[in-house]
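Trainee: My structure is below; once you've seen it, I'll send some questions.
Readers should treat all values here as calculations from the given coordinates under stated rules, not as data from a laboratory. All values derive from a computational prediction rather than experimental measurement. With ideal geometry, Cβ positions are generated from the backbone for all residues, glycine too; neighbour counts draw on all protein chains shown.
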Amino acid sequence: MLEGKNVNLRILEKEDLPLLAEWFNKPEVFGEYNPLHQMSRTEVEKIFEGPHEEKIFIVEKKDGSKIGFITHFYVLHVACRQLEIGYSLLPNERGKGYCSEAVKIMVDYLFLSKNTGRIQAQTDPRNIASQKVLEKVGFKKEGILRRSFFTRGEWRDAYVYSILREEWKEPKILTRTEKK
Ligand SMILES: CC(C)(COP(=O)(O)OP(=O)(O)OC[C@H]1O[C@@H](n2cnc3c(N)ncnc32)[C@H](O)[C@@H]1OP(=O)(O)O)[C@@H](O)C(=O)NCCC(=O)NCCS
């Protein structure tokens, strides 16, 4: 468990798969700026087996309630060690600072546990909430991927944001040593 002040990140367990599949199939959970797609439970399970080794964490409040998820995966092949993150919260849990905290924890975790120089995220240029989250955590906008993905009947561009290890400098929420 990765512990923050208001939220914890807990690695996805098999028992969470029905809930995750339910969230993945609800367009309102992914929001209007993410690809609109439907996935069976079997397809959701297969995410873990692909060459990009996606890992999913459930975002939980301190009372244990599950309010969304945050993932990390390798952009190209695992061997390239180029990491990307993605996240979504349930609509009624947005705007409370939970995602900014979850991303801070994830960035700490990835730089503390993986030998990687950068972490990136992509977001629709109209997704102001997501851009604010990334900027609050110290990500910088690198550029735009034109016609990055097709969804809801149109091609969408994507901003690419990243944070480098030297910009992160040190953990903000997690610690390098175990708490006593
Ligand atoms: C993007 C998302 C995860 C942000 O989560 P969140 O918990 O609301 O984020 P935070 O509460 O940490 O807020 C971050 C900032 O965005 C602002 N914000 C939230 N919703 C906003 C909106 N609709 N428009 C403009 N700003 C918004 C908040 O006020 C906050 O800014 P502040 O700290 O200056 O006040 C959430 O909106 C979501 O799940 N959206 C649907 C899925 C999605 O788009 N995922 C990201 C794909 S790249």
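Trainee: Choose one answer from Ala79, Ala21, Ala121: the residue with the largest mean-square fluctuation in a GNM of the chain with alpha-carbon springs under 10 Å.
Mentor: Between Ala79, Ala21, Ala121, it is Ala79 that shows the largest mean-square fluctuation.
Trainee: Given the DSSP H assignment, sum -39500 (n - 2.57) over each helix run of at least 4 residues in the chain and divide by its residue total; what's the result at 222 nm in deg cm²/dmol, nearest 500?
Mentor: One gets -7000 deg cm²/dmol as the mean residue ellipticity at 222 nm.
Trainee: Would you work out the charge dipole size for region 12-108 about its Cα centre, treating the Cβ of every Lys and Arg as +1 and the Cβ of every Asp and Glu as -1, and quote it to the nearest 20 debye?
Mentor: For region 12-108, the charge dipole is close to 200 debye.
Trainee: Follow-up. Can you compute 3J(HN,Hα) from phi for each residue in region 151-166, using the Karplus curve 6.51 cos²θ - 1.76 cosθ + 1.60 with θ = phi - 60°, rounded to whole Hz and x for Gly and Pro?
Mentor: So the Karplus estimates, Gly and Pro as x, are 7, 6, x, 8, 7, 10, 7, 9, 7, 9, 10, 8, 10, 8, 3, 6 Hz.
Trainee: So how strong a dipole does the chain carry about its Cα centre when Lys and Arg Cβ are +1 and Asp and Glu Cβ are -1, to the nearest 20 debye?
Mentor: For this selection, approximately 580 debye.
Trainee: Could you size up the charge dipole of region 25-82 around its Cα centre, putting +1 on the beta carbon of Lys and Arg and -1 on that of Asp and Glu, and report it in debye to the nearest 20?
Mentor: 160
Trainee: Taking R0 as 45 Å, what FRET efficiency do you get between Thr42 and Glu167 from their Cβ-Cβ distance, rounded to the nearest 0.05?
Mentor: My answer for the efficiency is 0.70.
Trainee: Distance in nm between label sites at Arg147 and Val78, each 7 Å beyond Cα in the beta-carbon direction?
Mentor: Here the answer is 3.4 nm between the modelled labels.
Trainee: Could you tell me the calculated FRET efficiency between Glu53 and Ala129, based on Cβ-Cβ distance and R0 = 35 angstrom, to the nearest 0.05?
Mentor: Taking R0 as 35 Å, the efficiency between Glu53 and Ala129 is 0.80.
Trainee: Show me, for region 77-93, the HN-Hα J-couplings you get by feeding each phi into the Karplus relation (A = 6.51, B = -1.76, C = 1.60, θ = phi - 60°), rounded to Hz, glycine and proline as x.
Mentor: Calculated HN-Hα couplings, in order: 10, 3, 4, 7, 6, 9, 9, 10, 10, x, 7, 8, 10, 4, x, 7, 10 Hz.
Trainee: Using per-residue counts of other Cβ atoms within 10 Å, averaged over each peptide, order 24-33, 63-72 from highest down.
Mentor: 63-72, 24-33
Trainee: Give, as ranges by residue number, the residues of region 1-42 whose backbone N falls under 16 Å from the point 7 Å along Cα→Cβ of Ser113.
Mentor: Those under the cut-off are 1-4, 8-14.
Trainee: Then there's this: Considering the chain as a Gaussian network with a 10 Å cut-off on Cα pairs, which listed residue, Lys104, Lys96, Lys14, attains the greatest mean-square fluctuation?
Mentor: Result: Lys14 has the largest fluctuation of those listed.
Trainee: Using only the alpha-carbon atoms of the chain as identical scatterers, what base-10 log of I(q)/I(0) does the Debye formula give at q = 0.11, 0.13 Å⁻¹?
Mentor: Debye intensities relative to I(0), on a log10 scale: -0.46, -0.66.
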